[in-house]
Amino acid sequence: MRKRIFALAVLVVLVVLGAIYLFSSGHSEIQTYTDQDHGFCVDLMKDQFMIETTSNDEGAEISFLDKNIQSKYPEWTGTVFTIFVYDRDVVEENPFDVLDGPTYLGESDRFYYGVYFPTDVNYPPEEPEAAEHYEELSEFARDRAAQSFSILP
């Protein structure tokens, strides 16, 4: 009798673990985004982000946008996070010491790096599916992307 109860308990645990795996596997695949021009890499959820780079005299802003929002609601930016890159030859001191908003990530021989997570709404709030997807990517970005950021040698 105890063997049957134990076998049934093991079966229930396996079914629950399988369901969790199947449910979470939709967005759990990770890919590393490498930006050779600016010398860094960061982990992203595979096929969930669109990358937009804006350059200026001091460096660049690399924005990571919710691909779902960009395709369905182009009037919304869907910006999940932005990595700021400042050229050390142009800016003499670390700009993140005086900037309010972006968080300093590190520096290389060529660049200063920082990350910014927007506080404004970047998705249509009346669309629950879009809001849920954006929030999922935002949570991932805060937990994983910022932690995985690394400067290329």
Checklist outcome for this item: Ile62 vs (1) outside any strand (DSSP E or B); (2) among the hydrophobic types (A, V, I, L, M, F, W, C); (3) touching a His at 6+ places or on another chain (Cβ under 8 Å): all pass except (1)
Checklist outcome for this item: Across (1) at pLDDT 95 or above; (2) surrounded by fewer than 14 Cβ atoms within 10 Å (Cβ to Cβ); (3) small (Gly, Ala, Ser), Ser108 clears everything bar (2)
Checklist entry - Is it the case that some residue within segment 131-146 is assigned to a loop (DSSP other than H, G, I, E, B) and without any contact (Cβ under 8 Å) to a residue 40 or more places away in the chain? => result no
Next on the checklist: Could you check segment 65-86 and list, in sequence order, the residues that are closer than 11 Å to Glu52 by Cβ and part of a strand (DSSP E or B)?
Outcome noted: Leu65, Thr79, Thr82
Checklist entry - On the given criteria, is Ala146 of a type in the set (A, V, I, L, M, F, W, C) and closer than 27 Å to Gln36 by Cβ? => result yes
Item to check | Pairs with Cβ under 7 Å, 6+ apart, first in segment 52-73 and on the phi < 0 side of the Ramachandran plot, second surrounded by fewer than 16 Cβ atoms within 10 Å (Cβ to Cβ) and among the polar types (S, T, N, Q) | outcome: Ala60/Thr53; Ala60/Thr54; Glu61/Thr54; Ile62/Thr53
Next on the checklist: Which of the numbered conditions does Pro102 fail, given that it passes all the others? Conditions: (1) exposed (fewer than 15 other Cβ atoms within 10 Å of the Cβ); (2) closer than 21 Å to Ala146 by Cβ.
Outcome noted: (1)
Checklist outcome for this item: Subset of segment 74-102, residues touching a Gly at 6+ places or on another chain (Cβ under 6 Å) and touching a residue at least 40 places away in the same chain (Cβ under 8 Å), comes to Val85
Checklist entry - Looking at segment 101-122, is at least one residue touching a Lys or Arg at 6+ places or on another chain (Cβ under 9 Å) and under 19 Å from Ile30 (Cα atoms)? => result no
Checklist entry - Take the residues of segment 61-96 that are in contact with a strand residue (DSSP E or B) (Cβ under 8 Å, 6 or more places away or on another chain) and over 24 Å from Asp47 (Cα atoms): which is surrounded by the fewest Cβ atoms within 10 Å (Cβ to Cβ)? => result Val90
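The values are calculated or read from the model by the stated rules, or taken from the named source; none is laboratory data. Values in this document were obtained by computation on a predicted structure and should not be read as measured data. Positions of Cβ are backbone-derived with ideal geometry, glycine not excepted, and every protein chain shown enters the neighbour counts.
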